[in-house]
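Chemist: Let me give you the structure first, and then I'll get to my questions.
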Amino acid sequence: MLERALKGSPGYWWLLGSLLAVMTVGVVCYITQFNEGLKITGMSRDISWGLYIAQFTYLVGIAAGGVMVVLPYYIHDYKAFGRITILGEFLAIAAVIMCLLFIFVDIGNPVRMLNVILYPSPRSILFWDMIVLNGYLFLNIIVGWNVLAAERKGVQYKKWVKFLAYVSIPWAFSIHTVTAFLYAGIPGRHLWITAIMAARFLSSAFAAGPSLLLLLCLLVRKLTKFDPGKEQLRTLGGIITYAMILNCFFLLLEVFTAFYSGIPEHQSSLVYLYAGLDGHSRLVPWMWTSVFFCVVALVLLVIPALRRNETTLALGCVAVFIGTWIDKGVGLVIGGFIPNPFHKVIEYMPTAREIIICLAIWATGFFVLTILYKIAISIKEEVGVTNH
Amino acid sequence: MTVDRRKFLKIAGLSAAFGLGGKTAVDIFAPGELFASAGSAVPVATNQKKWAMVIDMKKCLEEQEKGKCNQCMAACHRVHNVPNFGDNIKEEMKWIWQESYEHLFPSQHNEFISEDVKEKPFIALCNHCENPPCCRVCPTKSTWRREDGVVMMDLHRCIGCRFCMAACPFGSRSFNWGDPRKAPKELNPDFPTNMNYPTRTKGVVEKCNFCDERLGVGKIPVCVETCQNINVHALIFGDLNDPASEIRKLLHSRYSIRRKTELGTEPKVYYLI
Ligand code: SF4
Ligand code: SF4
């Protein structure tokens, strides 16, 4: 099936070529980081995790979000999603690959990476995160590939594949729960130590992942002969709406607890993020941009007429993606370090090289995604799932 | 080939038999392999000691009044090859340093506290917590609590994920953002300052180790010794399990506070005020 990735239109090659160009620049930047150390980033003793870990956190959500098409198909026997489960699974593969790369570039001593396996430490959440992420990657590769191969031959996939697909559903929940536990279990970082963290992570994941998937579906319909289907898009829109409402609700719950209880430690990070603290307010415009996009998303998604209109639905998905990205891919991780353990505000500013490395990893993800989607869609076109 | 911890301990054990110091021994038995490791880290847990430190802030501040004293900090950083980055807080490394009262005890602060107390420089270092979150989160067991209560750091195993830095509620950990040997020469003219203690590679976390390399040979931490040598005795080190120890007596007779006890990490650095 792989050979299908090798035949394509000029547009396909242009896309791969430009992604490859971004990746190359990223590799060059990474080599300088490898030689000089993480001092080339904006991180410091006080903000010891930055954009890398924030992107990682966000992308675990995108990966987990793929399950929102797999679950209705396998558990509720919602046949319509059968057409696009493969797109969800392949998106998950690309997202997990990006996650692993973001961890890799964040490690200060990548040559010692194997120590995580050589000295397994079950008390560390990072150890479990490694297990669930790699497990999820393999589950999606095996299930996605076998289902696609069966579809190509026009036969039903094997029983064990279905079994693995069932396993992958709770597994998707686990990757984001464990990732939330990275934050929710450490004392002294008040923005993070909240029991609702895993729930917040899952809700934002189930809004952002399907949003990206929906946008990809629209793109696929435009560029290829494969149509993911009207009903499919509409159902996805409904899922995104519920998840996004929950996500915003959970955020407001945090605000209530922090400010009604009046406990200063619980307030200070939120104050820093949304109003600025001790005269430092670098993230304030970002956070209000996020609020703006979340509100726009809610308006576009909640009003039925707008949700059923594909243009406004697509805009709503873009708004979900941006709003949740800022909230989780910037604010949550960096905000957790501010103020620092001495209650001082030390701010963070990523460097150009750090940003380029991030972009290159996103490009790598889209590179993998393009190839996987190319294979999947060529097969769908061949077996003629082109009209609905 | 590199020296892993087990091999390191074997060499260290052998060398003890030959009466050699840790680094010398590695140089002999495995030349050139000791790049970054915990020095002569021989875990000796002699009759269940529980090491702790008491800081008599009264004495320390009296000395501060006479003139800015930085003897303990300078001695520690010299002995452990901790580079100085000056005003560059992005790459700052520190094992023991000063922090104002209001920042060291943020929740004790109140607006009527005199400006004087608020700004008073207190000594800060790793608390060698009894229930250390840094050790809990480490994915490679590079940082762990020894039987005698010292929270150790294996600089040779650490992968530099910095999870421990996020987990430590006391800001006690520093990261080698770059190669410490490339620290600015003007500020570190004779770096490494102690040839018998290893320098680190870039990309590993480090922190106060309660001078485990000195404890191993029956000496007290260098900061404590320095403070005694200048006749101030503001830093007192000892065994919490020994009711007759000086620190137990001090904790019994004077009022002491610890940092952020509400988090349950059980710090073992006590401040007498
Ligand atoms: S003070 Fe921080 S680094 Fe030291 S033992 Fe406690 S948690 Fe760990
Ligand atoms: S940075 Fe090193 S010591 Fe800290 S948690 Fe990671 S591996 Fe462990």
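Chemist: Taking the criterion of being within 11 Å of chain B (Cβ to nearest Cβ), aliphatic (A, V, I, L, M) and surrounded by fewer than 24 Cβ atoms within 10 Å (Cβ to Cβ), would at least one residue in segment A:26-42 satisfy it? It would help to see each step written out before you state the result.
Modeler: We begin by selecting, within segment A:26-42, every residue within 11 Å of chain B (Cβ to nearest Cβ); these are A:33-42.
The next check asks that each one be aliphatic (A, V, I, L, M); those that pass are A:38, A:40.
Now narrow it down to the ones that are surrounded by fewer than 24 Cβ atoms within 10 Å (Cβ to Cβ): A:40.
Yes; the residues of segment A:26-42 include at least one that is within 11 Å of chain B (Cβ to nearest Cβ), aliphatic (A, V, I, L, M) and surrounded by fewer than 24 Cβ atoms within 10 Å (Cβ to Cβ).
Chemist: Does segment B:153-174 hold any residues that are within 10 Å of ligand 2 (Cβ to nearest atom) and touching a residue at least 60 places away in the same chain (Cβ under 8 Å), and which are they?
Modeler: From segment B:153-174, those within 10 Å of ligand 2 (Cβ to nearest atom) are B:153-155, B:157-168, B:173; that's our starting set.
Across segment B:153-174, the qualifying residues are B:MET153, B:ASP154, B:LEU155, B:ARG157.
Chemist: Pull out all pairs, ordered by first then second residue, where Cβ-Cβ is under 7 Å, the residues are six or more apart or on different chains, the first lies in segment A:18-39 and is more than 16 Å from A:TRP362 (Cβ to Cβ), and the second is open to solvent by 50 Å² or more (accessible area, probe 1.4 Å).
Modeler: Filtered contacts from segment A:18-39: A:THR32/A:ARG353; A:GLN33/A:ARG353; A:GLY37/B:LYS202.
Chemist: Answer yes or no as to whether A:ARG123 is among the charged types (D, E, K, R) and within 14 Å of chain B (Cβ to nearest Cβ). Outline the logic, then answer.
Modeler: Details: among the charged types (D, E, K, R): yes; within 14 Å of chain B (Cβ to nearest Cβ): yes.
Against the criterion (among the charged types (D, E, K, R) and within 14 Å of chain B (Cβ to nearest Cβ)), A:ARG123 qualifies.
Chemist: Do we find a residue being away from ligand 2 (no atom under 16 Å from the Cβ), over 18 Å from the mean Cα position of the chain (by Cα) and of a type in the set (A, V, I, L, M) anywhere in segment B:133-145? Steps first, please.
Modeler: Of segment B:133-145, the ones away from ligand 2 (no atom under 16 Å from the Cβ) are none.
Scanning segment B:133-145 turns up no residue that is away from ligand 2 (no atom under 16 Å from the Cβ), over 18 Å from the mean Cα position of the chain (by Cα) and of a type in the set (A, V, I, L, M).
Chemist: Listed residues A:THR312, A:THR289; which is open to solvent by 40 Å² or more (accessible area, probe 1.4 Å), polar (S, T, N, Q) and away from chain B (no Cβ under 14 Å)? First the steps, then the outcome.
Modeler: On the way: A:THR312 fails: open to solvent by 40 Å² or more (accessible area, probe 1.4 Å).
Matching residue, one of A:THR312, A:THR289: A:THR289.
Chemist: OK, next. The conditions are (1) in contact with a Pro (Cβ under 8 Å, 6 or more places away or on another chain); (2) in contact (Cβ under 8 Å) with a residue 60 or more places away in the chain; (3) more than 21 Å from B:TYR197 (Cβ to Cβ); (4) more than 7 Å from chain A (Cβ to nearest Cβ), and B:ARG145 fails exactly one of them. Which is it?
Modeler: Failed condition: (2).
Chemist: Hey, another quick one. Restricting to segment A:1-20, name every residue that is within 23 Å of the chain's Cα centre (by Cα) and either charged (D, E, K, R) or more than 13 Å from A:LEU372 (Cα to Cα) (or both).
Modeler: Keep residues of segment A:1-20 that are within 23 Å of the chain's Cα centre (by Cα), which gives A:15-16, A:18-20.
Selection gives A:LEU15, A:SER18, A:LEU19, A:LEU20.
Chemist: Against the conditions (1) open to solvent by less than 40 Å² (accessible area, probe 1.4 Å); (2) of a type in the set (Lys, Arg); (3) within 16 Å of ligand 2 (Cβ to nearest atom), where does B:ARG214 fall short? Just the number, please.
Modeler: (3)
Chemist: State which residue is farthest from B:TRP95 (Cα to Cα) when the search covers only segment B:218-253 and only residues that are assigned to a loop (DSSP other than H, G, I, E, B) and touching an Asp or Glu at 6+ places or on another chain (Cβ under 8 Å).
Modeler: Within segment B:218-253, the subset assigned to a loop (DSSP other than H, G, I, E, B) is B:218-221, B:230-234, B:240-245.
With the extra rule that they be touching an Asp or Glu at 6+ places or on another chain (Cβ under 8 Å), the set shrinks to B:219, B:230, B:232-234, B:245.
On the way: B:LYS219: 19, B:ILE230: 20, B:VAL232: 21, B:HIS233: 20, B:ALA234: 18, B:SER245: 25 Å.
The qualifying residue farthest from B:TRP95 (Cα to Cα) is B:SER245.
Chemist: Here's a follow-up. Do any helices (runs of 4 or more DSSP H) entirely within segment A:1-85 hold 2 or more residues that are under 21 Å from A:VAL333 (Cβ atoms), and if so, which? Lay out the reasoning, then the answer.
Modeler: Details: elements: A:10-36, A:51-65, A:67-75.
The qualifying helices (runs of 4 or more DSSP H) are A:10-36, A:51-65.
Chemist: Can you find even one residue in segment B:111-119 that is of a type in the set (Ser, Thr, Tyr) and within 13 Å of ligand 1 (Cβ to nearest atom)?
Modeler: Going residue by residue through segment B:111-119, those that are of a type in the set (Ser, Thr, Tyr) are B:114.
Remaining after also requiring within 13 Å of ligand 1 (Cβ to nearest atom): none.
No: zero hits.
Chemist: For segment A:101-124, which residues satisfy the criterion of being within 23 Å of A:SER48 (Cβ to Cβ) and open to solvent by 50 Å² or more (accessible area, probe 1.4 Å)?
Modeler: Restricting attention to segment A:101-124, the residues satisfying the condition of being within 23 Å of A:SER48 (Cβ to Cβ) are A:101-116, A:119, A:121, A:123-124.
Answer for segment A:101-124, where residues must be within 23 Å of A:SER48 (Cβ to Cβ) and open to solvent by 50 Å² or more (accessible area, probe 1.4 Å): A:LEU101, A:PHE104, A:VAL111, A:MET113, A:LEU114, A:TYR119, A:ARG123.
Chemist: Same structure again: What number of residues in segment B:148-180 are over 24 Å from A:PRO122 (Cβ atoms), more than 8 Å from every other protein chain (Cβ to nearest Cβ) and either over 16 Å from the mean Cα position of the chain (by Cα) or within 10 Å of ligand 1 (Cβ to nearest atom) (or both)?
Modeler: Number satisfying all stated conditions: 2.
Chemist: Could you please find all residues in segment B:111-128 being within 16 Å of ligand 2 (Cβ to nearest atom) and either open to solvent by 60 Å² or more (accessible area, probe 1.4 Å) or within 10 Å of chain A (Cβ to nearest Cβ) (or both)?
Modeler: none
The values are calculated or read from the model by the stated rules, or taken from the named source; none is laboratory data. Just so it is clear, the structure is predicted and the values come from calculations on it, not from any experiment. Glycine also receives a Cβ, built like all others from the backbone with ideal geometry; neighbour counts cover every protein chain displayed. Areas reflect the complete protein model, heavy atoms only, side chains present, ligands, DNA and RNA absent. Shrake-Rupley method; radii C 1.70, N 1.55, O 1.52, S 1.80 Å.
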